Amino acid sequence: MTTSAPAVRPLTITSAGVVSAAGLGLTALAEALITGKLSDAPLPDPSPGEYPDLPLRPVPDPDFAGLLGRKGLRHLDRTTKLGLVACGEALHSYAADGTGNTDTGVVMATSTGSVRSSAEFCRDTLVRERPYLVNAGHFPNTVMNCCSGQVAIRNQLRGVNATVAGGQLSSLFAFRYAHNALGSGRARRLLVGGVEELSPQTAWAWQHGGSLRPGTRIGEGAAVFAVSAQNEECAEPADGSMVHGGPATDAAPPLGANLLACEVAYYGAPAHRGRQVQGLTDVISRALHRSAVAPGDVSVVAPGAAHYTGLRHIEQRALAAALGSVPERQVRIGDFLGELYSAHGAFQLAALLALWQAEPAAERRTGLVTSLAPDGNLGCLVVRERA
């Protein structure tokens, strides 16, 4: 393993917007994680019989009109609406510093955009009397970057706008992209996160795919974070001391955590289990090294492969090898919100931040988010509370 990679410049998490089966915000998510209680919500579909016999975790029907306004809402799909709500919450949570949104961009993780919109539009071309008699107003929803585009348009964000698709690893790819964009000066502030909707099409895909362990819930939601590169004059060194040489990057106080290294890699298909264990071990060790974090300093882990057939043991073996011993505190967000696919990594991070806010500690904590996909992609992200 190469350990000569340069240290990363931390990203400050300024705010977060979360919409999930637990409700709106980090507080609702923390309450569900602490109590272990989550109320059942109606399916986001007028015909529940279209869904397979799987346990589902839909978002309690949010008042999209009240949250977003009615204008232009009729033709938007559920993926876009969920993303708009989460991004709106993240933007609303911090005070503008006088520069407006000129340098604010969007990096949204998704699997393929709205699977339901694409499937229904394609079906219309087959069942309508003529293929061109489809509803043209539904076509924009079939484009993968519809959500990120609508977020930028409605909030007048003129910075980098990107949609990142990488299956289970999509959210980690998005954070990696954000690190590069902010580090190279292509953006001053970014909304980074993931969104996934629940629909009959996605539920049946999971049913027939067979990659999830029996009894795994299928969920939906969006988790988005406003992040910015730390001001060099007010950075937080690895030793925890603060250098008070200048003003902070944003006018509002940060959420309370820094994103450190985010590493991703590909180590072969499921047949190469040994390579995947070694690969995830190397990726975790590399991320900790670049973050100047000792393995023993990791106090909590949010594993992402717990519900995938055959991958849970690989992830646990890699954690034990990289950290020496697996921390007693593990947060498996899928146990509460269900499998969230491309948004899973974003919700793993949201879960850690939610619990840290709800359970203050005398000493700052360091968390590790890991992800491992059946296609051989794997990665991790290091997050640390601010001093």
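The values are calculated or read from the model by the stated rules, or taken from the named source; none is laboratory data. Because the structure is a prediction, the values reported are computed rather than measured. Reconstructed Cβ throughout: ideal geometry from the backbone, glycine too, with neighbour counts over all protein chains shown.
One residue stands out in region 33-50 among those that are hydrophobic (A, V, I, L, M, F, W, C) and either out of contact with any strand residue (DSSP E or B) (no Cβ under 9 Å at 6 or more places or on another chain) or at pLDDT 95 or above (or both): the one that is surrounded by the most Cβ atoms within 10 Å (Cβ to Cβ), namely Leu33.
Taking region 144-168 as the range and being over 22 Å from Gly69 (Cβ atoms) and of a type in the set (A, V, I, L, M, F, W, C) as the test, the residues that pass are Met144, Val160, Ala162, Val164, Ala165. Does region 183-192 contain at least one residue that is assigned to a loop (DSSP other than H, G, I, E, B) and closer than 19 Å to Ala223 by Cα? Within region 183-192, not a single residue is assigned to a loop (DSSP other than H, G, I, E, B) and closer than 19 Å to Ala223 by Cα.
Can Arg365 be described as in the same structural domain as Tyr267 (by TED's automatic domain parsing), in contact with a Pro (Cβ under 9 Å, 6 or more places away or on another chain) and not β-branched (Val, Ile, Thr)? It is false that Arg365 is in the same structural domain as Tyr267 (by TED's automatic domain parsing), in contact with a Pro (Cβ under 9 Å, 6 or more places away or on another chain) and not β-branched (Val, Ile, Thr).
Looking only at residues of region 333-347 that are of a type outside the set (A, V, I, L, M, F, W, C), in contact with a Leu (Cβ under 8 Å, 6 or more places away or on another chain) and part of a helix (DSSP H, G or I), we find that the one that is farthest from Val164 (Cα to Cα) is Gly334.
When every residue of region 115-134 is checked against the conditions, at least one turns out to be at pLDDT below 95, among the aliphatic types (A, V, I, L, M), closer than 27 Å to Leu381 by Cβ and out of contact with any Lys or Arg (no Cβ under 7 Å at 6 or more places or on another chain). Looking across region 90-114 at every residue that is modelled with pLDDT of 75 or more and of a type in the set (A, V, I, L, M), the one that is nearest to Trp206 (Cα to Cα) is identified as Ala109. Here region 113-143 is the region considered, the condition is being crowded, with 17+ Cβ neighbours inside 10 Å and either among the acidic types (Asp, Glu) or not in a helix (DSSP H, G or I) (or both), and the residue that is farthest from the chain's Cα centre (by Cα) is Val134.
For beta carbons closer than 9 Å, sequence separation of 6+ or different chains, a first residue in region 324-336 that is assigned by TED's automatic domain parsing to the domain that holds Ala302 and surrounded by 18 or more Cβ atoms within 10 Å (Cβ to Cβ) and a second that is among the β-branched types (Val, Ile, Thr) and modelled with pLDDT under 95, the qualifying pairs are Gly334/Thr216.
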